[in-house]
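Peer 1: Structure provided below as structure tokens; questions to follow.
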Amino acid sequence: MDENEFDELVSSLTPYESADTVTTYRNTVSISCPACGEPFDDLVVCEGSYDSLELSKVLDLCVTTVDDEVLLFTHQH
Ligand SMILES: [Zn+2]
């Protein structure tokens with residue numbers, strides 16, 4: 001994904017949580033995941049060289065990158 005696509009995507013999402021280098025956005029408007037085409041629940045942006053996520057649920061994940069950042073699109077079962 002390029003930066004323009006990323007900026008456009010994030011502008012439609014609701015910021016939810018930010019901790020250090022990890023930011024989570026809520027997809028409240030059912031935007032389609034760019035990887036699989038299904039609406040995703042959250043977008044998690046990881047900006048650190050190494051980031052760890054603690055997941056409280058079993059999630060399907062789709063992944064892409066923008067520059068050095070990793071984007072995770074979460075899908076709940
Ligand atoms: Zn997906």
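Peer 1: Among the residues of region 24-40, which ones are free of Cβ contacts under 8 Å to residues at least 40 places away in the same chain and within 10 Å of the ligand (Cβ to nearest atom)? Working first, answer last.
Peer 2: In the first step, residues of region 24-40 are kept if they are free of Cβ contacts under 8 Å to residues at least 40 places away in the same chain; the result is 24-32, 34-40.
Once the filter is applied, which keeps residues that are free of Cβ contacts under 8 Å to residues at least 40 places away in the same chain and within 10 Å of the ligand (Cβ to nearest atom), region 24-40 yields SER32, PRO34, ALA35, CYS36, GLY37, GLU38, PRO39, PHE40.
Peer 1: Here is a list: LEU72, LEU59. Which entry is within 10 Å of the chain's Cα centre (by Cα) and surrounded by 11 or more Cβ atoms within 10 Å (Cβ to Cβ)? Full working, then the answer.
Peer 2: Details: LEU59 fails: within 10 Å of the chain's Cα centre (by Cα).
From the options LEU72, LEU59, the qualifying one is LEU72.
Peer 1: A follow-up question, please. With respect to VAL10, is the statement that it is open to solvent by 60 Å² or more (accessible area, probe 1.4 Å), of a type in the set (A, V, I, L, M, F, W, C) and modelled with pLDDT of 95 or more true? Reasoning before the result, please.
Peer 2: Numbers: open to solvent by 60 Å² or more (accessible area, probe 1.4 Å): no; of a type in the set (A, V, I, L, M, F, W, C): yes; modelled with pLDDT of 95 or more: yes.
Against the criterion (open to solvent by 60 Å² or more (accessible area, probe 1.4 Å), of a type in the set (A, V, I, L, M, F, W, C) and modelled with pLDDT of 95 or more), VAL10 does not qualify.
Peer 1: Is there a residue being on the phi < 0 side of the Ramachandran plot, of a type outside the set (A, V, I, L, M) and open to solvent by less than 40 Å² (accessible area, probe 1.4 Å) anywhere in region 33-40? Talk me through it step by step, then tell me what you get.
Peer 2: First, pick out the residues of region 33-40 that are on the phi < 0 side of the Ramachandran plot: 33-36, 38-40.
Right, trim to of a type outside the set (A, V, I, L, M) and you get 33-34, 36, 38-40.
Then drop every residue that is not open to solvent by less than 40 Å² (accessible area, probe 1.4 Å), which leaves 33, 40.
Yes, region 33-40 contains at least one residue that is on the phi < 0 side of the Ramachandran plot, of a type outside the set (A, V, I, L, M) and open to solvent by less than 40 Å² (accessible area, probe 1.4 Å).
Peer 1: Shifting gears a bit: If we keep just the residues of region 46-61 that are out of contact with any Leu (no Cβ under 6 Å at 6 or more places or on another chain) and part of a strand (DSSP E or B), which is farthest from the ligand (Cβ to nearest atom)? So that I can check it myself, show each step before the final result.
Peer 2: Initial filter on region 46-61 (out of contact with any Leu (no Cβ under 6 Å at 6 or more places or on another chain)): 46-60.
Going one step further and asking which of them are part of a strand (DSSP E or B), we end up with 46, 59-60.
Working: CYS46: 16, LEU59: 10, ASP60: 7 Å.
Within region 46-61, the match that is farthest from the ligand (Cβ to nearest atom) is CYS46.
Peer 1: I'd like the full set of residues that are open to solvent by 30 Å² or more (accessible area, probe 1.4 Å) and touching a strand residue (DSSP E or B) at 6+ places or on another chain (Cβ under 8 Å), limited to region 43-56. Before the answer, list the steps.
Peer 2: Residues of region 43-56 that are open to solvent by 30 Å² or more (accessible area, probe 1.4 Å), as a first pass: 47, 49-56.
Hits for region 43-56 are GLU47, ASP51, LEU53.
Peer 1: Any idea which of THR21, THR64 is away from the ligand (no atom under 16 Å from the Cβ) and open to solvent by less than 60 Å² (accessible area, probe 1.4 Å)?
Peer 2: Numbers: THR64 fails: away from the ligand (no atom under 16 Å from the Cβ).
The match here is THR21.
The values are calculated or read from the model by the stated rules, or taken from the named source; none is laboratory data. Keep in mind it's a predicted model, so treat the numbers as computed, not measured. Neighbour counts are summed over all protein chains in view; Cβ atoms, including those assigned to glycine, are modelled from backbone coordinates with ideal geometry. Only protein heavy atoms, including side chains, enter the accessible area calculation; ligands, DNA and RNA are left aside. Shrake-Rupley method; radii C 1.70, N 1.55, O 1.52, S 1.80 Å.
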